[in-house]
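What follows is one structure encoded as structure tokens, with my remarks underneath.
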Amino acid sequence: KATVASIRSALPVKEAVLCHTGDGGPWQKRRWKSVPARVEGERIVAAMPAERPKVAFVMVTDVRGLRSSSEHLELP
């Protein structure tokens, strides 16, 4: 299943990833993984991992190398 996020950026996006974890506990101690995402115009599209995560968010990197992320999504 694909996850989709909308994006508006004045500069081109060089890279996008879906960051996720299946771990609980303090955020800093969780094992975070990332999978590549595709930039399709004003959308970011990524495949949700087969192992359903508890939390996920999208992170993008623009052509300057600056990063920005979405709010996190907690999955039931």
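The values are calculated or read from the model by the stated rules, or taken from the named source; none is laboratory data. Model, not experiment: these values are computed from the prediction. When we count neighbours, we look across all protein chains shown, and the Cβ atoms used for this are built from the backbone with ideal geometry, even at glycine. The accessibility values were calculated without ligands, DNA or RNA, using every heavy atom of the protein model including side chains. Shrake-Rupley method; radii C 1.70, N 1.55, O 1.52, S 1.80 Å.
Per 0.36 nm of contour for each residue apart, how much would the distance between V13 and R30 grow if the chain were fully extended, relative to their Cα-Cα spacing? Present the calculation step by step, with values, prior to reporting the outcome.
Details: separation 17, 0.36 × 17 = 6.12 nm, distance 2.72 nm.
Between V13 and R30, full extension yields 3.4 nm more.
What residues have an amide H closer than 5 Å to that of T3, excluding those fewer than 5 places away on the same chain, when H is modeled at 1.01 Å from N in the peptide plane?
A46, A47, M48
Can you count the Lys pairs in the chain whose Cα atoms are under 21 Å apart, with each pair 8 or more apart or on different chains? Can you show the working numbers first?
Numbers: K1/K33; K1/K54; K14/K33; K29/K54; K33/K54.
Lysine pairs satisfying the spacing and distance rule in the chain number 5.
For the stretch 53-64, what does the Karplus curve 6.51 cos²θ - 1.76 cosθ + 1.60, with θ = phi - 60°, yield as ³J(HN,Hα) per residue in whole Hz, taken in order and with x for Gly and Pro?
Taking θ as phi minus 60°, the curve returns x, 8, 9, 8, 7, 9, 10, 10, 10, 8, 5, 7 Hz for the stretch 53-64.
For the chain, what % of the accessible area comes from carbon and sulfur atoms, probe 1.4 Å?
On the way: 2850 of 5490 Å².
Of the solvent-accessible surface of the chain, carbon and sulfur hold 52 percent.
Go through 68-76, 45-53, 16-24 and give me the packing order, highest mean Cβ count within 10 Å leading. The partial results should precede the final answer.
Numbers: 68-76: 11.0, 45-53: 13.8, 16-24: 18.3.
With the highest mean Cβ count within 10 Å placed first, the list reads 16-24, 45-53, 68-76.
Find the accessible area per residue for the chain; the probe is 1.4 Å, ligands and nucleic acids are left out, and the unit is Å².
Working: 5490 Å² over 76 residues.
Per-residue value: 72 Å².
Quick one: Karplus J couplings for the stretch 8-23, per residue in order, coefficients 6.51, -1.76, 1.60, θ = phi - 60°, nearest Hz, x for Gly and Pro?
10, 9, 6, 10, x, 8, 8, 8, 9, 9, 9, 9, 7, 8, x, 7
Once both labels are modelled 7 Å past Cα along the beta-carbon direction, what's the E71-M48 spacing in nm?
1.8 nm
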